[in-house]
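Bear in mind that the values in this text are calculations on the coordinates, not laboratory data. Given the structure is predicted, the values throughout are model-derived calculations rather than measurements. Here Cβ is always computed from backbone atoms with ideal geometry, including for glycine, and neighbour counts include all displayed protein chains.
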């Protein structure tokens with residue numbers, strides 16, 4: 001019998017396994033896919049190894065920075081290149097904001113992101129009462145107007161959650177914004193936020209895709225890939241897992257289990273063990289996304305783009321892509337790979353847009369190039385391309401998500417030696433997922 005089996009080899013599962021092993025537990029990690037890492041992955045494009053999944057983490061939360069220090073890993077930060085948003089026919093420098101709520105109204109006006117009418121509405125905040133939870137879009141629209149939501153809030157949330165502002169929970173996605181709204185004026189409080197010199201984002205030299213290997217190598221736990229867990233049941237001594245193909249199932253016994261999977265497989269595994277938790281997990285919807293990585297000759301990219309880290313595209317603009325990251329300008333390590341080759345990415349897909357992603361890889365490359373030509377002036381043919389699809393990759397935090405997660409955890413906690421973690425609960429970013437994993441580890445070890 002194993003001390004602990006961790007189901008799922010994304011960041012949450014790897015962190016949980018590493019921490020449990022460090023605490024002296026005999027840990028087996030089971031991952032259904034051929035490799036660990038979840039949404040962190042690197043691949044070759046034009047002979048250069050770059051991220052084709054998540055490329056950064058928040059540096060102003062401690063979990064990711066602390067983990068890098070534990071691993072002895074150096075951190076790098078983005079260059080000073082400015083981000084932009086495509087709005088009203090032009091690429092416009094992104095004004096500083098808290099998920100679209102401007103820190104400086106004059107800077108917002110100078111950006112040209114909003115029309116004169118939209119700017120006037122934003123200047124005249126309607127301070128309204130806020131309940132327990134509300135969608136981010138409804139909250140900001142009621143205070144500052146629909147246009148600000150459409151042209152700033154939507155693209156920013158779409159970049160993080162691949163969701164829609166009027167469906168995503170403020171309490172779950174931007175709790176600090178909800179807290180500000182309860183205290184009074186959003187604009188007054190945002191204007192009082194001091195400018196910080198601390199970088200917002202961080203990554204690893206060579207890409208965030210290195211993190212899974214750093215967690216696995218020397219982690220002190222066993223990893224089995226292509227190992228699908230098909231059933232989980234309680235036994236007198238702990239837990240029994242059915243693993244592998246239905247034609248050749250294997251039974252693994254464990255004293256404790258950490259479920260570090262997306263919501264849907266967690267719901268299936270908990271259906272008989274913790275039906276209340278399974279029922280709530282089954283209601284968490286997801287969004288599918290694709291990342292298209294393109295390599296061009298440096299001479300074929302307009303000089304002005306070397307001063308930009310990329311741009312977001314609001315849904316109201318009705319373009320295929322929702323963003324483009326100019327990796328060559330954003331990350332010095334990418335630019336240093338080959339001075340004659342530049343690498344950039346586009347991202348496609350929001351909740352409910354799965355039909356868009358049903359196109360073949362060549363189709364996603366084609367629409368990406370069309371939008372890059374129209375919006376950024378890149379008209380050359382790429383040297384190489386890579387398409388990475390994340391089907392159902394991003395959980396959607398609907399209004400009431402915080403209460404839903406509390407119910408899930410309460411139901412799971414009734415079963416000693418069982419815990420859940422991952423992006424479905426407390427945040428989709430790397431630091432939040434690390435925090436979720438460490439909460440699960442604490443729950444399992446406390447139960448002992």
Which whole-number percent gives the relative contact order of the range 97-191, counting Cα pairs below 8 Å spaced six or more residues apart?
37 percent
Degrees, to the nearest 10: 361-376 long Cα axis against longest axis of the chain:
30 degrees
Ordered by packing density, taken as the mean number of other Cβ atoms within 10 Å over each peptide's residues, highest first, how do 20-26, 10-16, 35-41 rank?
10-16, 35-41, 20-26
Highest mean first, how do 265-273, 68-76 rank when packing is the count of other Cβ atoms within 10 Å averaged over residues?
265-273, 68-76
Going from the fewest other Cβ atoms within 10 Å to the most, one would list 208, 1 as 1, 208
Just to be sure I understand the curve: with the Debye formula and one point per C-alpha of the range 151-309, what is log10 I(q)/I(0) at q = 0.10, 0.11 Å⁻¹?
-0.72, -0.84
Between the range 377-448 and the range 201-280, what is the C-alpha centre distance in whole Å?
13 Å
As I understand it, the value is the acute angle between the Cα axis of helix 62-71 and the longest principal axis of the Cα atoms of the chain; what does it come to in degrees, rounded to 10?
60 degrees
Given the Cα atoms of the range 97-191, and with Rh set as the inverse mean 1/r over their pairs in the Kirkwood sense, what is Rg to Rh to two decimals?
0.93
Which angle from 0 to 90°, rounded to the nearest 10, does the C-alpha axis of helix 430-447 make with the longest principal axis of the chain?
20 degrees
Rounded to whole angstrom, the alpha-carbon centroid of the range 312-361 lies from that of the range 1-57 at a distance of 24 Å
Residues 111, 33, sorted so that the one with the fewest Cβ neighbours within 10 Å comes first:
33, 111
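Could you give the alpha-carbon Rg of the range 1-42 over 2.2 N^0.38 Å, rounded to two decimals?
Compared with the compact-globule rule of thumb, the range 1-42 sits at 1.15.
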Kindly provide the helix-only [θ] at 222 nm of the chain, computed as the sum of -39,500 (n - 2.57) over DSSP H runs of four or more divided by all residues, to the nearest 500 deg cm²/dmol?
-9500 deg cm²/dmol
With the 8 Å Cα cutoff and a minimum separation of six or more residues, the chain has a relative contact order in percent of 24 percent
What is the distance in Å between the Cα centroid of the range 108-159 and that of the range 168-198?
13 Å
Mind listing the Cα extents of the chain along all three principal axes, in Å, largest one first?
68, 55, 40
Listing 65, 136, 149 by rising number of other beta-carbon atoms within 10 angstrom, fewest first, gives 65, 149, 136
